[in-house]
Amino acid sequence: MNKSLSLTIFLSLLFLISFTSHAQFSKGTKQAGGNLKLYRTVVNNEYTTPVSFVQQSINENSEIKILPRAGLFIYDNFSVGVSVGFVNNYTRTKSSAPQFNIDQRTASNLAATQVFGRYHVNITDHLILFGEGFANSNFGKGK
């Protein structure tokens, strides 16, 4: 999907939401959300070096991220919350030519935690923007 189509869809949804919802936050209001990311890319290159050797390289990257989050308004325009989830990263680089072969792999499985604070600003009755500050930490193993 190209960037202009993505931007058009985003702005259309923002326009629709801003005129169909009426956001009114007060102390004690709960919020729920999260982040889900599934990403994979494979790049396969084949090229000739100046001394006429054919070299091939494959770069493979993947990431899975699941981070649900929950928050609570402690003032009418300020909320705090926590996010706890899972992150998996995998990278493989394979290069081959007549004189060498390289195959490198890295993988990590991490438990991710994050605390955040959001300051909300009412632009109109139907549109609220927020600024967010956070601190995060990841724990786990890598190979």
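The values are calculated or read from the model by the stated rules, or taken from the named source; none is laboratory data. Computed from a predicted model, the values in this text were never measured in an experiment. Note that we place each Cβ from the backbone using ideal geometry, even for glycine, and neighbour counts take in every protein chain shown. Areas reflect the complete protein model, heavy atoms only, side chains present, ligands, DNA and RNA absent. Shrake-Rupley method; radii C 1.70, N 1.55, O 1.52, S 1.80 Å.
So Asn138 ticks every box in (1) touching a Phe, Trp or Tyr at 6+ places or on another chain (Cβ under 9 Å); (2) within 15 Å of Ile66 (Cβ to Cβ) but one. Which box is left unticked? Here Asn138 clears every test but (1). Within segment 19-42, is there a residue that is among the hydrophobic types (A, V, I, L, M, F, W, C), under 29 Å from Val84 (Cβ atoms), open to solvent by 80 Å² or more (accessible area, probe 1.4 Å) and modelled with pLDDT under 65? No; the residues of segment 19-42 include none that is among the hydrophobic types (A, V, I, L, M, F, W, C), under 29 Å from Val84 (Cβ atoms), open to solvent by 80 Å² or more (accessible area, probe 1.4 Å) and modelled with pLDDT under 65.
Those strands (runs of 3 or more DSSP E) of segment 65-143 in which 1 or more residues are exposed (fewer than 14 other Cβ atoms within 10 Å of the Cβ) and touching a His at 6+ places or on another chain (Cβ under 8 Å) occupy 128-142.
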